[in-house]
């Protein structure tokens, strides 16, 4: 008996066919493997760069911001303070940068075969979890080293929140990424603007400085950045230092939900005719 599959355009702007995505789970798995393998293919050190990159960044921050600029690290050892922010930011920025080029990077595949387009950005979010896990191991190793060295570090009972914080970073990156990817199919100049915005965004996030260093008025502005409360909560959960607020986290979670909804709406609208403009 011959089975026919009928492919129809999405009639609703906000529509995610989870059943269809599940049916294409093998393809999702293939994209995840592709993302992991091709990232460091034909490199000498390979996945070791997962450790080297945050380690070198931490050393540069220690010299430039901790040594020369003398910026406070809330009483924490500089390697731990910087690593906590770098690990979280790297996951967010890597996911955002790669999902933001979904349409332009995969136009050849999209133009030849049908599959749920959301599989591509989802594969980026999931594949980067491996890199995040490796960098978290580096963070834990440095963490244990300072504990054995007699440095007082007090993790809190909020450690259970770490998977939730990672999920929030993934949601924000996915939402922003598919919006930018949809817009850059028509307006290529946004790619240049986006790279500049990402640099500013990092400095507007408490990675190289603690939020407590800001005045109350400036803290209010900083918290408008949805990534701020997530990184502060991560520092608080793991080291007992940081500005932790349930209200701020609720704002970041709500922001993530809104940006995901907007992202899906824009993504579904653009995928109907993006081959005519890309």
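The values are calculated or read from the model by the stated rules, or taken from the named source; none is laboratory data. None of these values were measured; they are calculated from a predicted model. A quick note on method: Cβ atoms are made from the backbone with ideal geometry, for glycine too, and the neighbour counts reach across all protein chains shown.
Laid out as a table, the results:
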| read-out | value |
| --- | --- |
| Answer residue from the stretch 131-155, given it is surrounded by fewer than 15 Cβ atoms within 10 Å (Cβ to Cβ) and touching a residue at least 40 places away in the same chain (Cβ under 8 Å) and is nearest to residue 234 (Cα to Cα) among those | 155 |
| Condition met for residue 252 (in contact with a helix residue (DSSP H, G or I) (Cβ under 6 Å, 6 or more places away or on another chain), closer than 22 Å to residue 108 by Cα and assigned to a helix (DSSP H, G or I)) | no |
| Search result, residues across the stretch 189-243 that are in contact (Cβ under 8 Å) with a residue 40 or more places away in the chain, in contact with a helix residue (DSSP H, G or I) (Cβ under 8 Å, 6 or more places away or on another chain) and in a loop (DSSP other than H, G, I, E, B) | 205, 206, 207, 208, 209, 210, 241, 242 |
| Tally of residues being part of a helix (DSSP H, G or I) and touching a helix residue (DSSP H, G or I) at 6+ places or on another chain (Cβ under 7 Å) across the stretch 118-161 | 24 |
| Number of the exception - residue 166 against (1) over 13 Å from the mean Cα position of the chain (by Cα); (2) surrounded by 16 or more Cβ atoms within 10 Å (Cβ to Cβ); (3) closer than 24 Å to residue 48 by Cβ | (1) |
| Within the stretch 76-109, tally of residues that are part of a loop (DSSP other than H, G, I, E, B), surrounded by fewer than 20 Cβ atoms within 10 Å (Cβ to Cβ) and modelled with pLDDT of 85 or more | 1 |
| Qualifying residue in the stretch 177-187 (condition: in contact with a helix residue (DSSP H, G or I) (Cβ under 9 Å, 6 or more places away or on another chain), assigned to a helix (DSSP H, G or I) and more than 20 Å from residue 262 (Cα to Cα)) | no |
